[in-house]
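Read-outs: derived from the displayed coordinates by stated rules, not from any lab. On a predicted model such as this, the values are computed, not experimentally measured, just so you know. Every residue, glycine among them, receives a Cβ derived from its backbone with ideal geometry; neighbour counts consider all protein chains shown.
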Amino acid sequence: MLAILHPNTALDSEEYRQTMHYLENLPNVSVRVHEVQGATQRLTEIYLLGDTKPLNKEEIEALPAVERAIRISDDYRILGRHRDDRRQSGFTYNGVEFNQSNLNIFAGLCAVDVPEHVDMMMQALEDHGEVCTRMGAYKPRTNPYSFQGHGKGCLPWVFEKAGKHGIKVIAMEITHESHIEEIDTCLEKLGRPTGVMLQVGTRNTQNFELLKAIGRQSTYPVLLKRGFGITLNESLNAAEYLASEGNANVIFCLRGMKTEAGQPHRNMVDFAHVPAVKRLTRMPVCVDPSHSVGSREQSPDGILDVMHATAQGVIAGANMVLVDFHPKPEKALVDGPQALLMNELPAYLEDIRLCHDTWKKRQAIYQRLKDNTPE
Ligand code: PEP
Ligand code: MN
C-alpha cells in the first residue's frame, strides 16, 4: 500500500505526527518514507510494506495528512504504474524536463577522444539548439586490450567545453561507484558548468551493488540500459533497485537484445517495447538506435537503418534518443562504424521531430475513438 500525503505536508506538523503514529503502529507493517521533489511542490510518499492485505484503503485515506492511498503490487513498487495510479512521471534536472510525454535528444560521441572532436560535436549541437549530449569517459570493453576511455582525466575539459556550448546534461556511463565521486568532485571544482546523467551500461544492468550505490545519491539522474540477455521484467527490477535506495529519477533505455536472430543488425531492435515500458512503469523511455543497429547500412529508400530504428522508437512514443555521432568516424576510438556524421544531424533532428509530432497525432486519433465510443 502507498499513502500519498497532501503536497508540502510539513514533517513537523501535527497532521504528519498523527499519521505516522497510526501507520507505525500497524501490526506486521513497516513504513518507508520517500520524498519526491517536483518543480513546484514536494510530495511525501509513504510505502507500507509487509502484511498489508488486511489494511483498509479508506481508513488510511482518512488519516489527516493523507491525500490518497493506492494499493500497489509487489513489482516495481516505486517506479511502477499501479491500478488507480495517477502519479506524475518524470523529473526536471538542470533545467531540462524528462517525462513520458516529451522528447530529449542525446546525440554525441560514444567515447571521448580528443578535445577537437568534442568541440566540433558540441558546436553542432549548440548550432541546432540542442542542450543534451552523450560523452563516454569510462568505457566497458569486451577486450581488455581495447581503449578503455580517458576516464577521470578528460572530465575537466569535457565539462568546461559543455558549459561553453550551453550543454545542460551529458549522459555518461560509469562502471564503478568511485566514478560518481570523480564526476562530482570535478563538476564542483568547475562551478557546475553542466550536468551529468549517470548511465548504467547493458553489461552492468544487474550489477546490484553498483545500482545500490548510484541509488543512494540523488544529485544525478540515471539512464539505465536494458540488459541485453535478460527478460524485460528483470531489467525493470534492476531499475527499481535504484529507486528502492532513494533515487527515482530514472530513465529506462532500450538498446536491442543480443541474439543471432537480430542479424544483420548488431542486436535485435526491441523498440516495440517502448509503449510496454510506459504502461508498466512511470519511467520516461529512451531508445539507443546506434547500439541496436550497430552499422551505417542503408536501405534502398536512402535512409540508414539507424534512422529507421530511431523513427520506430519515436513514433511509438519514446522520450529520449541516445545516439552516436562523430565528426571523423574513421578516427573514432570506439564504435566509429555506427556513428552518424555531422552533416546528417539537421536531417536526423527533423526526422525525429516529425516522428514525435506523428506520435502526438496518433494519440489524438485514438483519443477521438475513445471519446466517441459509448462505455
Ligand atoms: C554505450 O552507450 O556507450 C554503450 C556501451 O552501450 P551498451 O551498454 O548499451 O552496450
Ligand atoms: Mn558504443
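Taking the C-alpha atoms only, the angle from helix 155-164 to the longest principal axis of the chain is near 90 degrees. Taking 14 Å as the straight-line reach from the Cα of Lys57, the aspartates and glutamates in range (excluding those fewer than 8 positions away in the same chain) are Glu67, Asp84, Asp85. The amide H of Cys253, built 1.01 Å from its N in the peptide plane, has Leu224, Lys225, Arg226, Cys286 as neighbours under 5 Å, considering only residues 5 or more places off or on other chains. With Cα atoms defining each centre, the range 2-70 and the range 142-221 are spaced 35 Å apart in the structure.
Packing here is the average count of other Cβ atoms within 10 Å per residue, and on that basis the peptides 148-156, 134-142, 169-177, highest first, run 169-177, 134-142, 148-156. With a cut-off of 10 Å between beta carbons, the residues surrounding Ala238 carry a summed charge of 0, where Lys and Arg count +1 and Asp and Glu -1.
With contacts taken as Cα pairs under 8 Å and at least 6 residues apart, the chain reaches a relative contact order of 14 percent. Axis of helix 345-371 versus longest Cα principal axis of the chain: the two differ by about 30°, to the nearest ten degrees. Among the GluC sites (Glu not before Pro) within the range 277-364, those in coil by DSSP and having at most 16 neighbouring Cβ atoms inside 10 Å are Glu297.
Whole-Hz Karplus values for the range 19-32 come out as 4, 5, 4, 5, 5, 6, 9, 5, x, 6, 10, 10, 10, 10 Hz, taken residue by residue from phi with 6.51 cos²θ - 1.76 cosθ + 1.60 and θ = phi - 60°; glycine and proline positions read x.
Amide H to amide H distances under 5 Å link Ala171 with Thr133, Arg134, Met135, Met197, where only residues 5 or more positions off or on other chains count and H is placed in the peptide plane. In the chain, the convex hull through the Cα atoms has an average projected area of 21.3 nm², a quarter of its surface area. Taking max minus min of the alpha-carbon positions on each principal axis, the range 1-160 gives extents of 62, 37, 30 Å, largest first. Spin-label model, Arg216/His82: points 7 Å from Cα along the beta carbon direction are separated by 2.7 nm. When each of the peptides 124-131, 280-287, 186-193 is scored by how many other beta carbons lie within 10 Å of its residues on average, the order from highest to lowest is 280-287, 124-131, 186-193.
Legend: distances between Cα atoms for Lys164/Lys212; Lys278/Lys328; Lys139/Lys212; Lys328/Lys360; Lys225/Lys360; pairs beyond 28 Å are Lys164/Lys212; Lys278/Lys328; Lys328/Lys360. Our helix-only sum for the chain, with -39,500 (n - 2.57) per DSSP H run of n ≥ 4 divided by its residues, gives a mean residue ellipticity at 222 nm of -10000 deg cm²/dmol.
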